[in-house]
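No lab work stands behind these numbers, since they all come straight from the coordinates. Since we're looking at a predicted model, the values are computed, not measured. Methodologically, a virtual Cβ is constructed for each residue, glycine included, from the backbone with ideal geometry; neighbour enumeration extends over all protein chains shown.
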Amino acid sequence: MAKSQSASLDRKKLMGDPILVTTIVLLIVFLTIFILYPLAILLVDSFIGEGGLTLDVFRRIMGLPNFRKAITNTLKVGFVVGIASTLIGLLFAYVEEYVKLRTKFMGGLFKVVSMLPVVSPPFVLSLSMIMLFGKAGIITRFLLGIYDNSVYGFWGITIVQTLTFFPVCYMMLKGLLKNIDPSLEEAARDMGASRFKVFMTVTLPLILPGLGNAFLVTFIESIADFANPMIIGGSYDTLATTIYLQITGAYDKQGAAAMAVVLLTITLLMFVVQKYYLERKSTATLSGKASRERMLITDKSVTVPLTILCSALALFVILMYICVPFGALFKTWGYDFHLTFKWFGLVFTKYKGFKAFRDSFILSLIAAPITALLSMIISYLVVKRKFKGKGFIEAVSMLAMAVPGTVLGIGYIRGFSGGIFGSGILQGLYGTGVILVIVFVVRSLPTGTRSGISALRQIDKSIEESAYDMGADSFRVFVTVTLPLIKDSFLSGFVTSFVRSITAISAIILLVTPSYLLITVQINEFAEKGSYGIACAFATILIVITYGSVLLMNFVIKHFGTSRHVKVEE
Amino acid sequence: MAKEKKGVRLEHISKIYKDPKTGKNFYAVKDANLEIEPGSFVTLLGPSGCGKTTTLRMIAGFESPDEGEIYLGNEPINALTPNKRDTAMVFQSYALLPHYNIFDNVAYGLKLRKMDKAEIKKKVTDILGLVGLEGMENRMTNQLSGGQQQRVALARALVIEPGVLLFDEPLSNLDAKLRVSMRTEIRRIQQEAGITAIYVTHDQSEAMAISDKVIIMNKGLVEQISTPQDAYYYPNNRFVADFIGEANFLDATVEGQDMVNINGSKVKCATGSFAVGNKCSVVLRPEGASLSENGALKVKVAYSCFMGSYQDYHVKVGDTLVKIQDYNPKNSKIYKVGDEAYLNFAENTLYAL
């Protein structure tokens, strides 16, 4: 019993669709060159010396006390941030799903918190942390009268990263809690369990894989984070910053490559566990839809403390964001609180702010539609078509999620500065805006693809089949049926990718050349120098741009989106 | 209406799937040989998992057969993609394009064929008239009832004048009453359009009502190809007898030409090719016998229930429980549980397997 005939017929049918075949081939080539190859070249760099295969490079970098320290530092931060973010995320999710919130104000707070990770540039919290709690910090110095508080180091990074990443956990866990059938908990209550007992014996075991999942996702984010440790780390180096310094400070490309391999190995391991074990498990236990509304907890002894705790945290985070525009408006932070537009003025006069915004804006605007379209095409192929190489496309585009920006940056430097394998092919890309756009695309591809895949899974497969059956080829099916049906997902992919690109720094900072000025790179530079006024002015404008784009997207989806008149079949 | 009625021929068609649990290959369809006449209405009938939908999807081109060749007219179509095949399918879930209105849904296939606007408009209007949806061109699909959506799906498939029309359980999402009226409607439209139709269903009464021929499948194998009448009166085997309508099976021995012995009594029964002395199973439909004070076969009543149009009995023939539906019970004696009675068989009702 062999399935050979159907396989060869399927192949023939596929070949009968030249646009489809071309697309698949181009995609595979793109993913190979711009995701797999740069990672492969890191391996080549770090394992192959003059005398062939060698471990010399690793022996050398492992001999560096700095590097060994960086590994433990990174893991320590990642672990603490992972746990703290998951717990705070769980608290928020639980309060939203289980506790009756009295006021609109609370609902508003939760909404803001869920928006933050989307619109926030990476290092904003580090900036405000320094401005609030640093040596000249408003809270430490003026409220508490502490003059020598140091926010730099382990705690600084940990707090800032936790506040940056917990909203992600909150959103993930909220989805899980929502899907728990309330009757499970009611049954336990009915049999005499206290609320705490129900939480410990029913709710918690059900979401345990989900908690693990949230922990690992934050863990990966934390150890891949470059911007925050850079600004607030001080002498506390993490892997991402060490790699950066190794290449920009010590000019040790081989060593940096080997360090990047170490970092990549850690994130990849985490990613594999998260993606192929926990993610499946966490959705498998909770596949059922809630049978009806959950009875929210109204008991004051529960609601009041939980509400206060959440509001305090949320307000604190919001305060930190508000601090940034003020940082740009005060004459000298910590000394002179007269309002001034001098920093904004300086940004646009002395520091070529206009060029920076234009470059960042244009490059991101070019990358956004490419990413959105590419991720929709990948989702379509993955969900709706069968062909060889489908697994490859899905795995590689998801793999990009586990690759820290710094690692990708080093990979691009090693992979393209001399052309592919040093042959000079594609060398022209290096140092141009094109490679920056490509990095933007690669960095945002996984998020877009993930949202595209989940949107497409909800569309009955026979809708596309019917169009195919009526005589449309794959290209037409995609353009006339698939794309219109996932318009919302496309739009949000567009904006997410735009926002991610314009706020990106980790990979970009290694690849940008003086001909391009990017906002994030500028912020980083001025924050490093301690020019917080300028850094804040740049950051404020950046936040306005990203927040504006998200508002615009929501407006467009609300008024022109598919969901308005199309009920997608479940 | 169709340019050319096309027949469909399946030669030694098999489809192999991998069982996701055991990882073993199995035949979803095995060695199916079908000849579907141009212009006829043929139903693939069988329980779920019998391979009927797989067969239909192979004809449409969504699945590729592992053995054998499919012909549309005289053209082998194995290697053609669905969009290149002269077939049109009506889906179980209707599969209307939710972002188009009714007109654009129906016009979709015509636009792909680069027809000019005026002609498209005329064809769409005509076909919407045929399915009884005139004037609804501008509605969106979610403004229609299930039955109306099904008509749009049918119109969309008909309008491109395919050689063969394929139906994948098109009525299973409708309520029982609408199902009955829609199947009459589908039959009328098929006859009017004079188009070849292949219809998949697990509902045997739907298949009987609508088809020129039924193809009964079980576990990937074709069990019988015949008219609905023949499938009912002359089933090829026990599975078909049991699946089409209700059937009782009585153990018997052939005593002579068209004569069998059931539980010691001689009864007239079509024995076909059975030789004298052979063991066989006699198929008895519930409506094929009635109870009275004297007759061919002595039985004991084990269950008796008034159902309105008939009296429902379970009676014991030896150790075998037999279901009998005695119509017009008002005019005959009603037996109670425990009563003894005799079975009387109507003419030409018993059939030996």
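Rounded to the nearest Hz, the phi-derived 3J(HN,Hα) couplings of region B:330-343 under the Karplus curve 6.51 cos²θ - 1.76 cosθ + 1.60 (θ = phi - 60°) are 4, 8, 10, 6, 9, 8, 9, 4, x, 5, 9, 7, 10, 8, where x marks glycine and proline.
Within the set of other residues whose C-beta is less than 9 Å from the C-beta of residue B:222, count the net charge using Lys and Arg as +1 and Asp and Glu as -1.
For residues surrounding residue B:222, the net value is -1.
Here the protein assembly as shown is assigned +1 on the Cβ of each Lys and Arg and -1 on the Cβ of each Asp and Glu. Its dipole about the Cα centre then comes out at about 2380 debye.
Rule-of-thumb check for region B:246-352: C-alpha Rg over 2.2 N^0.38 Å? Provide the component values of the computation, followed by the final result.
On the way: Rg = 13.6 Å, N = 107, 2.2 N^0.38 = 13.0 Å.
Normalised by 2.2 N^0.38 Å, the Cα Rg of region B:246-352 equals 1.04.
Under the membrane-span-like helix rule (DSSP H runs whose alpha carbons stretch at least 24 Å along the helix axis, mean Kyte-Doolittle hydropathy -1.0 or higher), chain A yields A:65-98, A:154-178, A:204-224, A:253-273, A:300-329, A:353-384, A:433-457, A:532-560. Straight-line reach from residue A:350: taking Cα to Cα under 28 Å and skipping same-chain neighbours fewer than 8 places apart, the lysines in range are A:135, A:331, A:342, A:529. Across the options A:309, B:194, A:48, the greatest Cα extent toward the positive end of the charge dipole of the protein assembly as shown (unit charges at beta carbon of Lys, Arg, Asp, Glu) belongs to A:309.
If you add up the charges near residue A:451, with Lys and Arg at +1 and Asp and Glu at -1, over every other residue whose beta carbon is less than 12 angstrom from its beta carbon, what do you get? Result for the local shell: +1.
A simple count of charges around residue B:352, restricted to other residues whose Cβ falls under 15 Å of its Cβ and scoring Lys, Arg +1 and Asp, Glu -1, yields +2. Relative to the longest principal axis of the Cα atoms of chain B, the long axis of helix B:117-130 lies at roughly 20 degrees.
The ellipsoid that matches the Cα gyration tensor of the protein assembly as shown has semi-axes, each √(5λ) in whole angstrom, of 68, 33, 27, with the longest given first. Once backbone amide H atoms are built at 1.01 Å from N, residue B:297 has B:343 as its partners under 5 Å, excluding neighbours fewer than 5 places away on the same chain. Most mobile of B:218, B:74, B:105 per a Gaussian network model of chain B (Cα springs, under 10 Å)? Of the options given, B:74 has the highest mean-square fluctuation. Within straight-line reach of residue B:300, meaning a Cα separation under 18 Å, sit the following aspartates and glutamates at least 8 residues removed in sequence or on another chain: B:251, B:287, B:312, B:319, B:326, B:339, B:340. Which shape class, rounded, prolate or oblate, goes with region B:50-209 when its Cα gyration tensor gives a ≥ b ≥ c as root eigenvalues, a/c under 1.5 marks rounded, and past that a/b bigger than b/c marks prolate? Since a/c reaches 1.5 but b/c is at least a/b, the shape of region B:50-209 is classed as oblate. Mind running the shape call on region B:1-75? Use the C-alpha gyration tensor, a ≥ b ≥ c as the square roots of the eigenvalues: rounded below 1.5 for a/c, prolate if a/b tops b/c, oblate otherwise. Taking the square roots of the gyration eigenvalues as a ≥ b ≥ c, region B:1-75 is prolate. Straight Cα distances below 12 angstrom link residue A:384 to the aspartates and glutamates A:460, A:464, A:465, with same-chain residues fewer than 8 positions distant left out. In chain A, the calculated helix contribution to ellipticity at 222 nm averages -22500 deg cm²/dmol per residue, counting -39,500 (n - 2.57) for every DSSP H run with n ≥ 4.
Among the chymotrypsin sites (Phe, Trp or Tyr not before Pro) in region A:302-343, those located in a DSSP loop and surrounded by at most 11 other Cβ atoms within 10 Å of their own Cβ are A:335, A:341. Could you state the number of Å between the C-alpha centres of region B:274-305 and region A:23-76? Computed from Cα coordinates, the inter-centre distance equals 82 Å. Oblate is the label for region A:55-337, because the ratio a/c of its alpha-carbon gyration tensor axes (a ≥ b ≥ c) is 1.5 or higher and a/b is not greater than b/c. Inter-label distance, residue B:114 to residue A:11: 3.2 nm, where each label sits 7 Å from its Cα along the C-beta direction.
Could you list the residues of region A:239-265 with an amide nitrogen less than 17 Å from a label point located 7 Å from the Cα of residue A:272 in the Cα-to-C-beta direction? Correct set: A:261-265. For chain B, the longest principal axis of the C-alpha atoms and the axis of helix B:146-159 are separated by about 60°.
Ordered by the number of other Cβ atoms lying within 10 Å of each residue's own Cβ, fewest first, A:142, A:498, A:361, B:62 fall into the sequence A:142, A:361, B:62, A:498. Computed over chain B, the per-residue total of -39500 (n - 2.57) for DSSP H runs of n ≥ 4 gives a 222 nm mean residue ellipticity of -7000 deg cm²/dmol, rounded to 500.
R0 = 45 Å: FRET efficiency of residue A:392 with residue A:361, Cβ-based, nearest 0.05? Once the sixth-power term is evaluated, E becomes 0.85.
Counting other beta carbons within 10 Å of each Cβ, put A:439, B:8 in order, fewest first.
B:8, A:439
Quick one: which of A:12/A:461; B:117/B:213; B:268/B:333; A:461/B:84 span more than 28 angstrom between C-alpha atoms? Too far apart for the 28 Å limit: B:117/B:213. Restricting region B:198-275 to GluC sites (Glu not before Pro) that sit in a DSSP loop and have at most 16 other Cβ atoms within 10 Å of their own Cβ leaves B:246. Comparing B:274, B:306, B:103 in a Gaussian network model of chain B (Cα springs below 10 Å), the most mobile by mean-square fluctuation is B:306.
Given R₀ = 22 Å, what would the calculated FRET efficiency be for residue A:458 paired with residue A:178, taking r from the Cβ atoms and rounding to 0.05?
0.85
What the Cβ-Cβ distance of residue B:25 and residue A:385 gives, at R0 = 30 Å and to the nearest 0.05, is a FRET efficiency of 0.85.
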